[in-house]
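Working notes, beginning with the structure itself.
Where a number appears in this text, it was derived from the coordinates with a stated rule and is not lab data. These numbers were taken from a predicted model, which means no experiment stands behind them. With ideal geometry, Cβ positions are generated from the backbone for all residues, glycine too; neighbour counts draw on all protein chains shown.
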Amino acid sequence: MTREARQEARTKFRNASQPFEGAIGAIDCTFINILGPTEHEEAFISHHGNHSLNVQAIVDPDMRLLNINSRWPGARNDSFIWTNSPIRRAMKFHYDMGERRTWLIGKWL
């Protein structure tokens, strides 16, 4: 997101019916079931017992997709995916550059 897009998102979240100061997006993961792979099958079995990918999605205040990360098999948990996310690195970069009040709304961050 550009600086201007982040500021616009902050304004929309601040003015929402349930305001959240500093938020620029909402993040969550969901399991997408797949056919069982022939290699490393155990890595794709989620805690629900299904073969899946654990897919991370980020949306802006208008529910437009900003990012999809479908890299990880279903056995990986949400925190692992966030820790290894390029979006996390980008947010840390902006934080280190002084942009301190910028958040993603999520249940596990």
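Couple of notes before you dig in:
- Scattering profile of the chain at q = 0.13, 0.16, 0.19, 0.23 Å⁻¹ [log10 I(q)/I(0), Debye over alpha-carbon scatterers]: -0.54, -0.74, -0.93, -1.19
- Take every Cα pair under 8 Å whose residues are at least 6 apart in sequence, average their separation, divide by the length of the chain, and the relative contact order is 26 percent.
- Against the main long axis of the alpha-carbon atoms of the chain, helix 3-14 sits at an angle near 90°.
- Here the chain is assigned +1 on the Cβ of each Lys and Arg and -1 on the Cβ of each Asp and Glu. Its dipole about the Cα centre then comes out at about 480 debye.
- Extreme residue, positive dipole direction of the chain, given options H47, M63, F20 (C-beta unit charges): F20
- Counting only DSSP beta bridges whose two residues both lie in the chain, roughly 85 percent are antiparallel.
- Long-range amide H partners of N67 with built H, under 5 Å: I58
- Axis angle, to the nearest 10 degrees, between helix 86-96 and the longest C-alpha principal axis of the chain: 30 degrees.
- Here each label is just a point 7 Å from Cα along the line to Cβ, and for N15 and S79 those points are 3.7 nm apart.
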